[in-house]
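Let me begin by presenting the structure, written as structure tokens, before commenting on it.
The values are calculated or read from the model by the stated rules, or taken from the named source; none is laboratory data. Note that the structure is predicted; figures quoted are calculated from it, not measured. Glycine also receives a Cβ, built like all others from the backbone with ideal geometry; neighbour counts cover every protein chain displayed. Areas reflect the complete protein model, heavy atoms only, side chains present, ligands, DNA and RNA absent. Shrake-Rupley method; radii C 1.70, N 1.55, O 1.52, S 1.80 Å.
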Amino acid sequence: MHGLSRLGNGVSPPSSPRFRHARNKNTDVSGNFHSGNCQVKLQNFAEKLGFMIVSAVYRRRGVLLFAPLLYISGMLLYMGALGFDASRTSGGGTGLDPIGSVYRSPQVFEKLWPLMDAENNGSSNLLTNVWNLKLHQVWKPCIAHTVSQEGFAELPKSNGYLIIEANGGLNQQRLSICDAVAVAGLLNATLVIPIFHLNSVWRDSSKFCDIFDEDFFIYALRNHVKVVRQLPEDMLLKFDNNISRIVNLRVKAWSSPTYYLLKVLPKLKELGAVRIAPFSNRLAHSVPPNIQGLRCLCNFEALRFSEPIRMLAAKMVDRMVKKSSKTSGRYVSVHIRFEEDMVAFSCCIYDGGEEEKHEMDIARERSWRGKFRRRGRVIRPGANRVDGKCPLTPLEVGMMLRGMGFENNTSLYVAAGKIYKAEKYMTPLKQMFPRLESKDTLASTEELAPFEGHSSRLAALDYTVCLYSEAFVTTQGGNFPHFLVGHRRYLYEGHAKTIKPDKRKLALLFDSPDIS
């Protein structure tokens, strides 16, 4: 995402004596041009200036090679000086700020709310009159079989045990597990139930069995990959009952299947067990169909949430459907990424002034020590906003949905972590959509108590309610929406309704006080 000159040291060879002599013959100090016996008089300053530029270029043709570089450098300096840094301003920016570089959504909402309020309680709704099923589309699932198939295919003798450490939040862990199943199948290895690393951001100590149904996972993969809960005793004794003594192979990110066959498989056969930690993004996206099929089988069939999560999530979905009676049981789910750590990581500026800046500096230092204070690092909040990299506030999500035609009787489910300054930023969204629910309103305090302090388990509840919504709105990207969009397509045979806003265009719209 993010070149040396091919001209060597940049020193031009001296010009030919013949050309130097010709230049002296053809021009005089007054700027007149002589050619043979003819003399052309330059009448004004503009003509003389133009002639001097052409002469300079003619004498130093090498200038032409550097002209594009000089132009680009000049433009970058100009842009940096003028202004993609909204932090220069306070109180909403100045006339120098590019359109879309300053957060002005509250002012836009203040102007539009009387118009929205006048349209409240309408008789039509986007959920009931749009998006008919396109039956002519042919959908091919990524796997043609399910775990319900009976029987057991005896697997060949295992080449050894594969131990991986999944890191990150719920869906990054999910990604690691799917890749681990694929690699185990590729190497004909026995997969040990993945270990979950305690992430410094998520801070969730949950084990595999706390989030996923361990028995079902082993059963679902029985015909493809052998899975065990832990290393057998004889193998543990080989490593002095200390799993950390097992060699940890440092596999590069996005490694190909060929790499695993050439580098990892020999070690696996030699030692009987290998570790790969961390294991996040350690398998390439592009793999043969049979390996991709294992990923698919793991993700959509084998990875079922644990029973406590499934039971509460089912109740929440049922309650959400009942609360959506105005729209025939249909509801919209929205994934809002406006937690404190996400706002801090984005380096975007909203409307909290010095207090917000202070809080974000603390959050950045707490989670990413020194990352944002490295020498030479320039943070340009205005450029981030123009480029669509700023997380949408709940207010902006609400204005977008109302602008699309979702009226205030739409049932909205908000999937989110702890919203930054929730009372401030969630109030206008509730004002636009009174039928707004979340896990905190659908489930009682007693029901949520076993999940508190475990962000991955709470995220699993959100994931399930979003999975069964009529439409899903993703606002920031990341593993949660990526997995959910794919899972919904798989669940509904290719037909799933997803709203993915163009945040570059929204930044321009929300920076327009005159918007209708």
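A few notes on this one:
- The alpha-carbon atoms of region 161-304 define a convex hull whose volume equals 107 cubic angstrom per residue.
- Carbon and sulfur %, accessible surface of region 415-503 computed with the full protein complex present, 1.4 Å: 51 percent
- Under the Debye formula (equal points on every Cα, no solvent term), log10 I(q)/I(0) of region 357-427 at q = 0.13, 0.17, 0.23 Å⁻¹: -0.58, -0.87, -1.22
- Cβ crowding within 10 Å averaged over residues, with 105-112, 390-397 ranked highest first: 390-397, 105-112
- Across region 495-508, coupling constants 3J(HN,Hα) worked out from phi with the 6.51/-1.76/1.60 Karplus curve, θ = phi - 60°, read 10, 9, 9, 10, 10, 10, x, 8, 6, 5, 6, 5, 4, 5 Hz, and Gly and Pro carry x.
- Put a dot 7 Å past the Cα of residue 311, heading toward its Cβ, do the same for residue 357, and the two dots end up 5.2 nm apart.
- Amide H partners (placed H, <5 Å) of residue 283, local residues excluded: 254, 255
- Region 161-304 - accessible surface per residue (Å², probe 1.4 Å): 44 Å²
- The slack between residue 404 and residue 207, meaning 0.36 nm per residue of separation minus the straight C-alpha distance, is 66.8 nm.
- Counting only protein heavy atoms and using a 1.4 Å probe, the accessible area of residue 318 comes to about 80 Å².
- Taking only protein heavy atoms and a 1.4 Å probe, the accessible area of region 161-304 is 53% carbon and sulfur.
- Treating r as the C-beta distance of residue 140 and residue 368 and R0 as 45 Å, the FRET efficiency rounds to 0.60.
- Residues of type lysines that residue 207 reaches as a straight line, Cα spacing below 23 Å, ignoring anything fewer than 8 places off in the same chain: 226, 418, 439
- Seen from residue 269, the other residues with C-beta closer than 14 Å to its C-beta sum to a net charge of +2, counting Lys and Arg as +1 and Asp and Glu as -1.
- Cross-link partners of residue 497 among aspartates and glutamates (Cα-Cα below 15 Å; sequence separation of 8 or more within a chain): 470
- Relative contact order of region 202-333, pairs being alpha-carbon contacts under 8 Å that are 6 or more residues apart, as %: 33 percent
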